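Below is one structure, written out as structure tokens; the observations come after it.
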Amino acid sequence: MNYFTKIIKYAKPYKKYGFLNIFFNILYALFSTLSFLVLMPLLQVIFNPEKAIKVTEKPVYKGIGKAMDFFKEYLGYTIHQVAGEDKSKALMIVIGLVIFTFFFKNIFNYLAMYFITFLRNGVLKDIRNDLYKKIVQLPISYFSEKRKGDIMSRIGTDVLEIQHSFLSVLEMVVREPLTIIFTIVAMLLISVKLTVFVFVFIPISGFLISLIGKSLKRKSDKVQREQGFFLSLIEETLGGLKIIKAFNAENTFTSKFKDSTSRFFRYSNSLLNRTNMASPASEFLGISVIAVLLYYGGRLVLIEHSLDGEDFIAYMGLAYNILTPAKAISKASYRVKKGNAAAERVLEILETKNPLEDLPNAKKLTSFVEKIQFDNISFKYEDDLVLKDFNLEVPKGKTVALVGQSGSGKSTLANLITRFYDVNEGTITIDGYNIKEITKESLRNQLGIVTQDAVLFHDTIANNIAFGKEVSKEDIIAAAKIANAHDFIMELPKGYETNIGDSGNKLSGGQKQRISIARAVLKNPPIMILDEATSALDTESEKLVQDALEKMMQNRTSIVIAHRLSTIQKADKIVVMQKGKIVEQGTHKELIAKKGTYYNLVNMQNLD
């Protein structure tokens, strides 16, 4: 119920549809009961026509105990007023009344379902929107511990399960209980003795049905987790298909996928078999109650003569009318148990606290005028420190290059200044402001980043460069020219309107990198971070990209993380890192003259 309460809050914006659903469900429940009650005069006209149309005096209401007799007599009186002694006409009137009640019962049912649809789909839309918003806002560290396929499963399958379980319960939270209540009232009015007898058996059958669903949440959770696992496997397979083929690993991955789908097969069978048991079990127990009812009611009609035959037939119809909503309620309890597992997985993401949230009094950084300062910072991803007591100053307008072996902490610095992660100790300041006290949006507005792997999207080149900004075509072309991308773009079939495919796979590595540089140029930030932007390129592409980078870095403050040392010789300061610490710093000429670590790195690359 705790999960249900949290999910149902999403229904608040659509409460008018909920109220309309309740209103029409009340009318449906009322007409559902009336549709069986009007069978009594029909049966009486057929089996006892003399009694049915001989009511010539208007009946008088004599209290709740005689309410059913009053109802039948009043109908008989009304029929006599219209049809007189004509039995055929009386039959037509009663049939018309039956059709009228069943017609409006179904109209109200449709209207109730019509309005609840807007609420169900609205809640589905809002949960998905909140999930996506939360996923975008959560720090990168959160996703290093999660499988992408599992996240996709939660936003896709689990949210749908919530709709099918929790939200389907909303359809019956008024309709089914009211149908049962109205029906029981009508049954009591026909025969109190028979109704009391019937309801001795209903709690027993309800208890037996409830025993079936106790393990459904656990089984449903296994199914959903396994689905997340094989979706992750699909995502990894599509992303690494070249490597899988190159290493002849098709059979290995196929085997892993088969193992996952086999587990899914077992879990699903167990879950569905348990769920499917609910309907036949509840129906059999319901029919058992009806069987007992037939025996006892038959005695009242045939032996005790305390109940009319037509009343008993109508009563049987009412008793069976309870079965449908009772079955729906029992199924709903199973669906809620399944929905609990899905809601738990969805709420786990929605309720995850973001450690990188802006402080309540966070300032907006509107410009960059002085320097970036790394002051005694230490950081670790898990157990071992990647940076320890690290100090560095980057003055405005200068280019600082970071070099060193893999794992020395170069890319970590880029992740920290952009606040993809927060430092464990020390501070990073921009113009004296601790970046933890600055809003992330205003901080990142001052930064541009070009990474080793150009991240592009399944869209046109123009949209990839503009990246959501409202800019003119001329601005996009100007940025592309600075990035040395304009010429190859114009050679494409549709120029800037060419769709570059999933992750830009229709372009070469150098072309993709120049598009990402054009995107950074168009943003025009005062601080530029280049994270090994040329290390994955061939010599020809590297020259074009390096030329584009140099044009982009003019009059900007740049932090360059470099693998190829030939690309950073013009830097104002080169910082040589080793195991999270600075071992040397200076210009290219100064460091070569020292003949230390940097000198050895240059010689190694020249030898290569």
Can you list residue pairs whose Cβ atoms sit under 7 Å apart, with the first residue in region 94-122 being in the same structural domain as Val38 (by TED's automatic domain parsing) and more than 28 Å from Ser165 (Cα to Cα) and the second being part of a helix (DSSP H, G or I) and of a type in the set (Ser, Thr, Tyr)? Count only pairs 6 or more apart in sequence or on different chains. Thr101/Ser35; Phe102/Ser35
When region 302-312 is checked residue by residue, the ones that are surrounded by fewer than 17 Cβ atoms within 10 Å (Cβ to Cβ) and part of a helix (DSSP H, G or I) are Leu302, Gly309
Are there any pairs, at least 6 apart or on different chains, whose C-beta atoms fall under 8 Å, with the first in region 554-571 and surrounded by fewer than 18 Cβ atoms within 10 Å (Cβ to Cβ) and the second polar (S, T, N, Q) and modelled with pLDDT of 80 or more, and if so, which? Lys570/Thr399
Answer yes or no as to whether Ile287 is closer than 30 Å to Leu37 by Cα, surrounded by fewer than 17 Cβ atoms within 10 Å (Cβ to Cβ), modelled with pLDDT under 80 and more than 37 Å from the chain's Cα centre (by Cα). yes
Which fully enclosed helices (runs of 4 or more DSSP H) of region 104-178 have 3 or more residues being not hydroxyl-bearing (Ser, Thr, Tyr)? 148-153, 159-162
Of the conditions (1) touching an Asp or Glu at 6+ places or on another chain (Cβ under 6 Å); (2) modelled with pLDDT of 85 or more; (3) within 27 Å of Leu238 (Cβ to Cβ), Thr451 fails just one. Which one is it? (2)
In this structure, does Thr366 turn out to be in contact with a Ser or Thr (Cβ under 9 Å, 6 or more places away or on another chain), on the phi < 0 side of the Ramachandran plot and loosely packed, with under 13 Cβ neighbours inside 10 Å? yes
So Leu385 fits all but one of (1) surrounded by fewer than 16 Cβ atoms within 10 Å (Cβ to Cβ); (2) over 22 Å from Arg556 (Cα atoms); what number is the exception? (1)
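Residues checked against (1) surrounded by fewer than 19 Cβ atoms within 10 Å (Cβ to Cβ); (2) within 30 Å of Gly298 (Cα to Cα); (3) among the hydrophobic types (A, V, I, L, M, F, W, C); (4) over 19 Å from the mean Cα position of the chain (by Cα):
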{"position": "Asp126", "(1), (2), (3), (4)": "yes, no, no, no"}
{"position": "Lys146", "(1), (2), (3), (4)": "yes, no, no, no"}
{"position": "His164", "(1), (2), (3), (4)": "yes, no, no, no"}
{"position": "Val173", "(1), (2), (3), (4)": "yes, no, yes, yes"}
{"position": "Pro177", "(1), (2), (3), (4)": "yes, yes, no, yes"}
{"position": "Leu188", "(1), (2), (3), (4)": "yes, yes, yes, yes"}
{"position": "Val192", "(1), (2), (3), (4)": "yes, yes, yes, yes"}
I need the full set of residues from region 362-382 which are under 38 Å from the mean Cα position of the chain (by Cα) and of a type in the set (S, T, N, Q), in order please. Thr366, Ser367, Ser378
Given the residues Asn434, Asn445, Asn464, Asn505, which is the only one that is over 30 Å from Glu235 (Cβ atoms) and modelled with pLDDT under 90? Asn445
With the requirement that a residue be part of a loop (DSSP other than H, G, I, E, B) and touching a residue at least 24 places away in the same chain (Cβ under 8 Å), what does region 497-523 give you? Thr498, Ile500, Gly501, Leu507, Ser508
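Listed here are the residues, each with its yes/no results for (1) surrounded by 15 or more Cβ atoms within 10 Å (Cβ to Cβ); (2) at pLDDT 65 or above; (3) closer than 24 Å to Leu347 by Cβ; (4) not assigned by TED's automatic domain parsing to the domain that holds Ala319.
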{"position": "Ser205", "(1), (2), (3), (4)": "yes, no, no, no"}
{"position": "Ser215", "(1), (2), (3), (4)": "no, no, yes, no"}
{"position": "Val223", "(1), (2), (3), (4)": "yes, yes, yes, no"}
{"position": "Gln227", "(1), (2), (3), (4)": "yes, yes, yes, no"}
{"position": "Glu235", "(1), (2), (3), (4)": "yes, yes, yes, no"}
{"position": "Lys242", "(1), (2), (3), (4)": "no, no, no, no"}
{"position": "Asn248", "(1), (2), (3), (4)": "no, yes, no, no"}
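This table checks each residue for (1) modelled with pLDDT under 75; (2) in contact with a strand residue (DSSP E or B) (Cβ under 8 Å, 6 or more places away or on another chain).
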{"position": "Asn484", "(1), (2)": "no, no"}
{"position": "Met490", "(1), (2)": "no, no"}
{"position": "Pro493", "(1), (2)": "no, no"}
{"position": "Gly510", "(1), (2)": "no, no"}
{"position": "Ile529", "(1), (2)": "no, yes"}
{"position": "Glu540", "(1), (2)": "yes, no"}
{"position": "Lys551", "(1), (2)": "no, no"}
{"position": "Arg556", "(1), (2)": "no, yes"}
{"position": "Ile559", "(1), (2)": "no, yes"}
So is Ile529 hydrophobic (A, V, I, L, M, F, W, C) and either surrounded by fewer than 23 Cβ atoms within 10 Å (Cβ to Cβ) or not in a helix (DSSP H, G or I) (or both) or not? yes
Can you tell me which of Leu413, Leu402 is in a strand (DSSP E or B) and not β-branched (Val, Ile, Thr)? Leu402
Qualifying position, being closer than 30 Å to Gly156 by Cβ and of a type in the set (Gly, Ala, Ser), among Ala414, Ala328, Ala362, Ala401: Ala328
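The values are calculated or read from the model by the stated rules, or taken from the named source; none is laboratory data. Fair warning: this is a prediction, and the values are worked out from it, not measured in the lab. We place every Cβ from the backbone using ideal geometry, glycine too, and count neighbours over all the protein chains shown.
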